[in-house]
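The values are calculated or read from the model by the stated rules, or taken from the named source; none is laboratory data. For clarity, every value in this text was computed on a predicted model and none was experimentally measured. Glycine gets a Cβ as well: all are built from the backbone with ideal geometry, and neighbour counts include every protein chain shown. Only protein heavy atoms, including side chains, enter the accessible area calculation; ligands, DNA and RNA are left aside. Shrake-Rupley method; radii C 1.70, N 1.55, O 1.52, S 1.80 Å.
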Amino acid sequence: MFNPAERAKFGGLFGAMFGLSSVIGPVIGGFLTDQFSWRWTFYANLPLGLLALFMIIAKMPSLSRRSGGKVDVLGALLILTTTIPLLLALTWGGTTYAWNSATILSLFAGSVVSLILFVLVERRTPDAIIPLSLFNIPIFTVGNVASFILNMAFFGVIMFLPLYMQMVLGVSPTKSGTSMLPLMLGLIVTSIVAGQIVARTGKYKPWMIGGGVILVIGIWSLTSLKPDSHLLDLYWRMFLVGMGLGPAQSLFTIAIQSGVSLGQLATATSSSQFFRQIGGTIGAAIFGTLLMNGLHTELPKHLPAMPGTAFDSKNIDMKAMRTAGSGGGVEAKIKTAMEGQYALIEQAMNGDVKAQAAIKANAQLPAELKTLVTGGLRAEVHQKLSAQAAAIQKALSAGEVGRNALLANPQTPDALKTQLQALPAQAFATPQGSAAVAERFAAGLLAQEDTVYGQAKTQALATIKTRFDEQGKTLAAQVTRGMKEGFTASITKMFGDAVWFALAGLIMMFFVPVITIRGSGKQPAPAVQESETPTPA
């Protein structure tokens, strides 16, 4: 509909619409997730899809040029069998399966075999979905490689920044969508400005390189994020990333379109979009794997040991981490774990053999506590009572002198003093009488062992419960902080990897050929010859 120079202008507007929709979409999705369920993010797309379909059917202008040809079904299927195993391998590698596992190696091998078959099929197909002859055009090959790499870095940033906001900064899913606005604002501004200027001058390469430089700087700035960073500190970094991404949203397509014949225009455009989208998809898979691997390494360094619980670094639950990172539910979950541990301790102190074995096997509990609850307290009570009984028996065996000494001793229990005072003097008149009284009192004291143990157990459990409650609050704060520190360390490391991808894309931009954009300046758009048979898209 428009000549290439005008396409730069409208391509910039399309890039701006992409940026705007990328802000509105997450906002609506976050609101639906907060208010209803994550499933509504899919339900909401049904009426939107129908509206888009209506606009295409009813309002999309018809183009007069048509050509014959067959749909390259086999080529399309081979694209699927090449990309899907590759994505699965990149997603599962190092997390669900080891990189050298049979599953991952088989997926990579299947992807390579399918790619080889795709090349063989496309060489012999007249209406190939991606004609291999296009790769003989330097601007097509270099431009798509650069765009592919840049979109890998782009999705590596945009896919996981909301997670950082939610898990570290405590931003809600709804607000995390609106918090992406600075990135998209930078993208919209530079996309429109670059499109307008290129439409007038026809010079696109300086804007590509300039955008690539800003993108590298922007992603590099994200590597210095901290667990206690603020949103304002994040916004200016995101704005830089958006400014760097803006020119790439349209200029690669415009340059590629100008480097191919009009008959190849549709195929070259769709191929360019394909490489850009598959680059973003592969980037999301790669950086998702890098992030998970980073979490496996970093989280155990920052999380405290929790009695009765264990952190499984090989089975990370992002939803649970998101909740923990915002502080919601952490204290309740730790309290539940502490209560379960307390119940086990209570059972052990009541003589439950299985509970005692479980307490002894728990490496996170201190040795003193294990000894106390697995018979140590009863032994301590028995030893103390035996010593008291022996002391009382010895004192009373001495007669009245011993009774008076016990009455004068402040450590003698009041109940025992009352019993001693009630004894008549005749009880100590003879040595035999004193010995009998002493034996009776000692036996009576030892008979109270169960009662004394019950009192000691109640007091010990109350002390343990109080300490567990205090420890639970401390652990909740430590876990929340540890989650933030571990996730920040992981995601900044991932951003560091993204810098290298963005730098590789920047280097590729220097090799992008400089060609004249058809129709730049005041030149009219070239007419389409009737004899020209375009390659179908």
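For this structure, a couple of remarks:
- Residue list for region 450-471, restricted to those being within 29 Å of ALA389 (Cα to Cα) and either open to solvent by 30 Å² or more (accessible area, probe 1.4 Å) or not in a helix (DSSP H, G or I) (or both): ASP450, THR451, VAL452, GLN455, LYS457, THR458, GLN459, ALA462, THR463
- Condition met for LYS417 (modelled with pLDDT of 85 or more, in a helix (DSSP H, G or I) and among the charged types (D, E, K, R)): no
- Filtered by the rule that a residue be outside any helix (DSSP H, G or I) and either over 25 Å from the mean Cα position of the chain (by Cα) or at pLDDT below 75 (or both), region 1-43 gives MET1, PHE2, ASN3.
- ALA405 open to solvent by 30 Å² or more (accessible area, probe 1.4 Å) and modelled with pLDDT under 80: no
- Residue match in region 187-200 (condition: over 17 Å from MET509 (Cβ atoms), open to solvent by less than 30 Å² (accessible area, probe 1.4 Å), within 23 Å of the chain's Cα centre (by Cα) and in contact (Cβ under 8 Å) with a residue 24 or more places away in the chain): no
- LEU372 being touching a residue at least 40 places away in the same chain (Cβ under 8 Å), in a helix (DSSP H, G or I) and surrounded by 13 or more Cβ atoms within 10 Å (Cβ to Cβ): yes
- Unique residue being modelled with pLDDT of 85 or more and polar (S, T, N, Q) when the list is SER261, SER271, SER250: SER271
- Within region 338-359, if we keep just the residues that are within 23 Å of THR451 (Cβ to Cβ) and polar (S, T, N, Q), the residue that is surrounded by the fewest Cβ atoms within 10 Å (Cβ to Cβ) turns out to be ASN350.
- Check on SER397, touching a Ser or Thr at 6+ places or on another chain (Cβ under 7 Å) and open to solvent by 30 Å² or more (accessible area, probe 1.4 Å): yes
- Test: residue in region 289-300 that is within 27 Å of the chain's Cα centre (by Cα), over 13 Å from ALA489 (Cα atoms) and part of a helix (DSSP H, G or I): yes
- In region 485-519, the qualifying residues are those that are in contact with a Pro (Cβ under 7 Å, 6 or more places away or on another chain) and either at pLDDT 85 or above or surrounded by fewer than 20 Cβ atoms within 10 Å (Cβ to Cβ) (or both), and the one that is farthest from PRO227 (Cα to Cα) is ARG518.
- Candidates VAL119, VAL142, VAL73, VAL112: the one that is open to solvent by less than 50 Å² (accessible area, probe 1.4 Å) and β-branched (Val, Ile, Thr) is VAL142.
- Filter pass, ALA477 being farther than 30 Å from TYR164 by Cβ, without any contact (Cβ under 8 Å) to a residue 12 or more places away in the chain, open to solvent by 30 Å² or more (accessible area, probe 1.4 Å) and hydrophobic (A, V, I, L, M, F, W, C): no
- Of all residues in region 151-164 being open to solvent by less than 10 Å² (accessible area, probe 1.4 Å) and closer than 20 Å to ILE256 by Cβ, the one that is modelled with the lowest pLDDT: PHE154
- Residue check, LEU303 within 30 Å of GLY202 (Cβ to Cβ), at pLDDT below 80 and among the aliphatic types (A, V, I, L, M): no
- Checked against the criterion of being of a type in the set (Val, Ile, Thr) and either open to solvent by 30 Å² or more (accessible area, probe 1.4 Å) or modelled with pLDDT of 85 or more (or both), the candidates ILE316, ILE286 yield just one match: ILE286.
- Candidate set: region 118-130, residues that are more than 18 Å from LEU87 (Cβ to Cβ) and outside any loop (DSSP other than H, G, I, E, B); chosen: the one nearest to the chain's Cα centre (by Cα): VAL119
- Of the helices (runs of 4 or more DSSP H) lying entirely inside region 167-273, those containing at least 1 residues that are basic (Lys, Arg) and farther than 19 Å from VAL142 by Cα span 173-178, 181-201, 231-245.
- Residue match in region 165-174 (condition: in contact (Cβ under 8 Å) with a residue 12 or more places away in the chain, among the small types (Gly, Ala, Ser) and open to solvent by 10 Å² or more (accessible area, probe 1.4 Å)): yes
- Filtering region 122-132 to residues that are surrounded by fewer than 18 Cβ atoms within 10 Å (Cβ to Cβ) and touching a residue at least 60 places away in the same chain (Cβ under 8 Å) leaves only ASP127.
- The test for being modelled with pLDDT under 85, open to solvent by less than 30 Å² (accessible area, probe 1.4 Å) and either under 26 Å from THR289 (Cα atoms) or touching a strand residue (DSSP E or B) at 6+ places or on another chain (Cβ under 8 Å) (or both) holds for GLY177.
- Pairs are defined by a Cβ separation below 6 Å, a sequence spacing of at least 6 or placement on different chains, a first member in region 98-121 that is free of Cβ contacts under 8 Å to residues at least 40 places away in the same chain, and a second member that is open to solvent by 50 Å² or more (accessible area, probe 1.4 Å) and among the aromatic types (Phe, Trp, Tyr); the pairs so defined are THR103/TYR97; ILE104/TYR97.
- Sole residue being more than 16 Å from the chain's Cα centre (by Cα), part of a helix (DSSP H, G or I) and modelled with pLDDT under 75, chosen from ALA332, ALA355: ALA332
- Among residues of region 409-448, those that are exposed (fewer than 12 other Cβ atoms within 10 Å of the Cβ), over 13 Å from GLN388 (Cβ atoms) and among the hydrophobic types (A, V, I, L, M, F, W, C), counted: 2
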